[in-house]
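Reviewing the structure listed below.
The values are calculated or read from the model by the stated rules, or taken from the named source; none is laboratory data. Because the structure is a prediction, the values reported are computed rather than measured. Positions of Cβ are backbone-derived with ideal geometry, glycine not excepted, and every protein chain shown enters the neighbour counts. These area figures cover heavy atoms from the full protein model, side chains too; ligands, DNA and RNA do not enter into them. Shrake-Rupley method; radii C 1.70, N 1.55, O 1.52, S 1.80 Å.
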Amino acid sequence: MTCTLILTRHAKSAWDTNVPSDHARPLNKRGRRSAPAIAAWLRDNGYLPDQVISSSSQRTRETCELMELGVPARFTERLYHANSEIIFKVLSEAEQKRVLLIGHNPGIAAFAHTIVSSPPDHSRFDDYPTGATLVVEFDIGSWKDLTWSSGRVIDFAVPRELLGE
């Protein structure tokens with residue numbers, strides 16, 4: 001049995017807005033192009049999730065909505081700027097075998113590095129830019145059995161490459 005994690009950092013967000021908080025920051029124009037590009041890449045490669053768990057921030061919500069995956073999403077405050085341990089805990093509570101988790105740096109990058117047995121050969125994996133998406137497979141029957149450094153990298157993509165930018 002295997003479980004698959006699709007780990008996505010939210011798409012590029014806007015900084016030049018007058019929103020009342022960081023939590024309320026929306027995506028910018030590039031981010032609104034990147035989210036559908038990542039979704040198309042997931043579809044084209046057969047990586048579609050059965051469950052989506054996302055931070056509750058505006059930029060992660062928009063990323064999720066623009067991906068149009070047709071899967072109900074659960075938005076949780078726990079993933080807003082979560083560290084690796086919190087992301088691990090949230091993922092261990094997932095109910096489906098193929099989970100898309102959308103969150104923020106630095107937690108997403110740190111989690112990506114510590115959950116895989118060896119990193120992908122990609123120059124952007126270390127900094128995990130906005131929209132970066134890692135597909136990882138685990139030889140477990142349930143997310144409750146998740147352990148650190150046990151994931152096998154299947155694929156990794158960044159929106160700039162997908163959009164030819």
Checklist line | Cβ pairs under 7 Å, 6+ apart, first in region 11-30 and under 19 Å from S54 (Cα atoms), second among the small types (G, A, S) and surrounded by fewer than 18 Cβ atoms within 10 Å (Cβ to Cβ) | finding: R25/A14; P26/A14; L27/A14; N28/A14
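Per-residue answers, yes or no, for (1) modelled with pLDDT under 95; (2) under 25 Å from D22 (Cα atoms); (3) open to solvent by less than 10 Å² (accessible area, probe 1.4 Å); (4) out of contact with any helix residue (DSSP H, G or I) (no Cβ under 7 Å at 6 or more places or on another chain):
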| site | (1), (2), (3), (4) |
| --- | --- |
| V90 | no, yes, yes, no |
| E95 | no, no, no, yes |
| R98 | no, no, no, yes |
| L101 | no, yes, yes, no |
| P120 | no, no, no, yes |
| E137 | no, no, no, yes |
| W143 | no, no, yes, no |
Note to self: Please list, ordered by residue number, the strands (runs of 3 or more DSSP E) wholly in region 1-78 having 2 or more residues that are open to solvent by less than 10 Å² (accessible area, probe 1.4 Å).
What the structure shows: 3-9, 51-55
